[in-house]
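Reviewing the structure listed below.
Every read-out reported here was derived from the displayed coordinates using simple, explicitly stated rules and does not represent laboratory data. The shown structure was predicted, so the numbers you read here are calculated from the model rather than taken from an experiment. Cβ placement follows ideal geometry from the backbone for every residue including glycine, while neighbour counts extend to all protein chains displayed.
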Number of protein chains: 2
Amino acid sequence: MTRITATYDIETPVGLDHAAAVMAGEQSTGTFIRLASETDALRQRSGARVESVVETGTASHPALPSRKTGATYHRGRVTISWPIGNFGTSLPTLLSTIAGNLFELAELSAIRLEDVDLPADFAHAHPGPQFGATGTRALMGGHEGPLIGTIIKPSIGLSPAETADLVQQLVVAGIDFIKDDELQANGPDCPFDARLTAVMRVIEDHAQKTGKKVLYAANITDEIDTMWRNLDRMAELGATCAMVCVQSIGLSGLRAVRDRSPALIHGHRAGWGLYSRSPDIGIGFGVMQKLWRLAGVDHLHVNGLANKFTESDGTVAAAARAVRQPVSAHGGPACRAMPVFSSGQTVWQVGASRALLGSDDFIFCAGGGIMAHPGGPGDGVRSLRDAAEAARAGIALEDHARPGSPLAQAMATFGKPRIDLDT
Amino acid sequence: MTRITATYDIETPVGLDHAAAVMAGEQSTGTFIRLASETDALRQRSGARVESVVETGTASHPALPSRKTGATYHRGRVTISWPIGNFGTSLPTLLSTIAGNLFELAELSAIRLEDVDLPADFAHAHPGPQFGATGTRALMGGHEGPLIGTIIKPSIGLSPAETADLVQQLVVAGIDFIKDDELQANGPDCPFDARLTAVMRVIEDHAQKTGKKVLYAANITDEIDTMWRNLDRMAELGATCAMVCVQSIGLSGLRAVRDRSPALIHGHRAGWGLYSRSPDIGIGFGVMQKLWRLAGVDHLHVNGLANKFTESDGTVAAAARAVRQPVSAHGGPACRAMPVFSSGQTVWQVGASRALLGSDDFIFCAGGGIMAHPGGPGDGVRSLRDAAEAARAGIALEDHARPGSPLAQAMATFGKPRIDLDT
């Protein structure tokens, strides 16, 4: 297989077939006039090809404002393929090709890039996750079950010493994973070095006492040179997990981190709503997660079931499953990442999260679900781990929880949310 | 001034004041429960502040699907400020803060980030454009007037030798600036090194004969290490302009290029439509161009008046003016970039483009406007330069063009488009 295939949901006033042809032309050999140099051989070799067009509906008004208008707007799924000779295995140029100027085409009144199908060569050409789930467990000194994690809150404003005090409470509570908030990176009020030093002292002390190395995802997000410097500092202090905001540093930035990182890469997708919220313009998570995995993320945020944001449970479930699928359907390394569930998570979402993956290879982050437990953070962590054990055994929480146990208390404290995977 | 201010256009079912407070909380000290550590002092020091809320309209249906619904959706402009102590002068963390999770808030049924106001410290802390307009002219061996440029077409598919042949035609035609298409970077069918070598031989030969160094914007877009390698190769061959797709490499990637580039940085914004097309979700160009300029672009694409894409003339004009304004309204280096007009441009758009800037410090790229001129590419370039002279003198094309001149021929060949800066 020597072609890349991308699938779009589009709306157009010029007819779906014509719109698809315009997309293929604009994103390959297209030019303003037919030049002598634009030979048939050139078009055959380098032209994009419309593989399929399926109408899904019509509308009388355009979904997005556009220069071109019409009486009827046809909606449909369009699949286009490109020869790999156009861009090789370059991720940034792949992005310019499948998600470039075509978002601005006047022939389209809606366009979402929904899927990309990559050849096995792509998986071979990129580093992919360095650790994945197995490496994550090994770095913790061996760990069974899902990782129970939390985010340092308040999101921003704690000093390095205050952060370390909170981490101390959390490691004593038995937590597996702690992450910085995406807003907390290297501001003057809580510099990266001071925070890392203070937190790692707590983590290492705890590891020496218990043999358990809690993962601390330190937010290294910054310019490339600074991120590399941060990685060096992490290595010196024994820190094993670097968090980056993948949208804020960009695809090339992520790869640059992967190339020099001795640590796990924890991918936060702050800003994702810009790509995901509109049904009429955007890029599906199924596309971006492949690129981020190829570039090297070990962990990737997927929101949570019954989250406090806007994504439906079906969308979250698809995202979590996606990062566990092989990155190419045609072979090569699978490049599996660990999905990270977060946002309004409590004991009630553990079972459904595990069930949709069919494995314990995930990170389950709870905030209030731990800190607001009536028995304190220790019972908060215990209740989540108990819920994970029920999930692994396939037993409903109601049947598993012993009366008066931390799990039973959590069930009573936190309202049972509605989870609907069909949305 | 020690705060950053961002302005949003939002829609909400929960009331504008409440929605603004949720945004400020989510993007600063916000937490799931009020923790003991979330003291008043902490909120005072690190909390975001709602500066103003102005209602602009109401609707009975939400613009975007959302978990939270209501009877009435209020639309308005919300301005929020953050203390610089939260993130310092880090561009990626600024982006995570002003354009992060808030795109996913269930309280919002529309959200566009429309403007950001930066302290002078921001301009001081970043490299900004290395050359700008003055440096661009100097690198060409001195050049007056706007740069008349074109894009190598077909977009992709030409071999290195075929590309060099086309460049030869264009330099003989008198062109000032030639750029690779954004799809053409380093694919196996036209490798970067071979193309650069073949093209620079033509450019250097022409410079030796005429004293004029035509700018060739070589598309170096790739991973960081490869872009740095490409920059080294460019320096060896005397190439002075590196093109990057700013959206494909990301903000940290752009800065990494700037840190090691001896060449001009020509910023292409492929994929921009994803941010710009929807009135209900996105980021205004006024915001991103500031970040790209701080990170170091010398040239920045702004689309063209009466373009073939979807942006209105008013949007294009605002974008072109924006890149010439000081990056901070509060002092520091101005960081001005040169706007690059392109997309369906002919002699008819030159005057209006110059008039809206009030200067010749712009690049005007035409494709068909040069190649499809009845007198050939040489007359195409001549007609555009003549139009630029008319514009500088403030004379209408119709009064300036001598009968039978290349300009008169161009006016007859290319239809006069409607330009409406009020849209």
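State, to one decimal in nm, how far the label point of residue A:52 lies from the label point of residue B:355, with both points 7 Å from Cα in the Cβ direction.
5.2
For the range B:1-61, give the magnitude of the charge dipole about the Cα centre (Cβ charges: +1 Lys/Arg, -1 Asp/Glu; no others), in debye to the nearest 20.
320
May I ask which of A:290/B:68; A:209/A:290; A:308/B:308 have a Cα-Cα span longer than 32 Å here?
Correct reply: A:209/A:290; A:308/B:308.
Say a label goes 7 Å from Cα toward Cβ at residue A:211 in every copy; what distances in nm does this one have to the rest, shortest first?
Here residue A:211 shows inter-copy label distances of 8.2 nm.
Can you list the HN-Hα couplings for the range A:262-271, worked out from phi with the Karplus curve (6.51, -1.76, 1.60; θ = phi - 60°), rounded to whole Hz and with x for Gly and Pro?
Per residue, the Karplus-derived 3J(HN,Hα) values read x, 10, 4, 10, 9, x, 9, 10, 3, x Hz.
Could you give each residue of the range B:21-26 its phi-based ³J(HN,Hα) in whole Hz, using Karplus coefficients 6.51, -1.76, 1.60 with θ = phi - 60°, and x for Gly or Pro?
For the range B:21-26, the Karplus curve yields 5, 5, 4, 4, x, 4 Hz.
May I ask you to order A:149-157, A:333-341, A:169-177, B:248-256 by the average number of other C-beta atoms within 10 Å around their residues, highest value first?
Packing proxy ranking, top to bottom: B:248-256, A:149-157, A:333-341, A:169-177.
Put the label 7 Å from Cα along Cα→Cβ for residue A:331; what are its distances to the other copies, in nanometres, shortest first?
In nanometres, ordered from closest: 6.4.
Rounded to the nearest 5, what is the percent of antiparallel bridges among the DSSP beta bridges in chain A?
For chain A, the DSSP antiparallel bridge percentage is about 50.
For the protein assembly as shown, what is the percent of antiparallel DSSP beta bridges, rounded to the nearest 5?
50
Name the chain A residue with the Cβ nearest the axis that maps A onto B: which is it, and what is the distance in angstrom?
A:250, 0
Average partner chain C-beta neighbours within 10 Å, per residue of A:220-228?
Other-chain Cβ atoms within 10 Å of each residue's Cβ, averaged: 5.
Which of the peptides A:351-362, A:10-21 is most tightly packed, and how do the rest follow, judged by the mean count of other Cβ atoms within 10 Å per residue?
Ranking the peptides A:351-362, A:10-21 by packing returns A:10-21, A:351-362.
Under the rule a/c < 1.5 gives rounded, and otherwise a/b versus b/c splits prolate from oblate, where does chain A land using the Cα gyration tensor?
prolate
Considering the Cα positions of the protein assembly as shown, please state its Rg to one decimal place and its Dmax as a whole number of Å.
27.2, 96
Relative contact order of chain A, please, whole-number percent, based on alpha carbon pairs below 8 angstrom and at least 6 residues apart.
After rounding, I find 16 percent.
Any idea what the residue A:17 label distances to the other copies are, label 7 Å down the Cα→Cβ vector, nm, shortest first?
5.9
Say each of residue B:60 and residue A:399 gets a label point 7 Å from the Cα, pointing the same way as Cα to Cβ; how far apart are those two points in nm?
About 4.9 nm, to one decimal.
I'd like the GluC sites (Glu not before Pro) in the range A:77-173 restricted to DSSP loop residues with at most 14 other Cβ atoms within 10 Å, sorted by number.
A:144
Could you work out the mean count of beta carbons from other protein chains within 10 Å of each residue's beta carbon in A:41-48?
Average per residue, whole number: 4.
When the Cα centres of the range B:165-210 and the range A:45-61 are compared, how far apart do they sit, in Å?
First find each Cα centre; the distance between them is then 34 Å.
Where nothing but the Cβ of Lys and Arg (+1) and of Asp and Glu (-1) is charged, how large is the charge dipole of the range A:329-423 around its Cα centre, in debye to the nearest 20?
It works out to roughly 120 debye.
Rg and Dmax of the range A:3-117 over Cα atoms: what are they, in angstrom?
Every Cα atom of the range A:3-117 included, Rg and Dmax give 14.2, 41 Å.
For chain A, what is the mean residue ellipticity at 222 nm derived from helices alone (per DSSP H run of n ≥ 4: -39500 (n - 2.57); sum divided by total residues; nearest 500 deg cm²/dmol)?
Calculated mean residue ellipticity at 222 nm is -12000 deg cm²/dmol.
Please identify, among B:221, B:29, B:210, the residue showing maximal mean-square fluctuation in a Gaussian network model of chain B using a 10 angstrom Cα cutoff.
Ranking B:221, B:29, B:210 by mean-square fluctuation puts B:210 first.
Would you list A:272, B:348 from fewest to most Cβ contacts within 10 Å?
Ordered by Cβ neighbours within 10 Å, fewest first: B:348, A:272.
Averaged across the residues of A:62-71, what count of C-beta atoms belonging to other chains lies within 10 Å of each residue's C-beta?
The mean count of partner-chain Cβ atoms within 10 Å per residue comes to 3.
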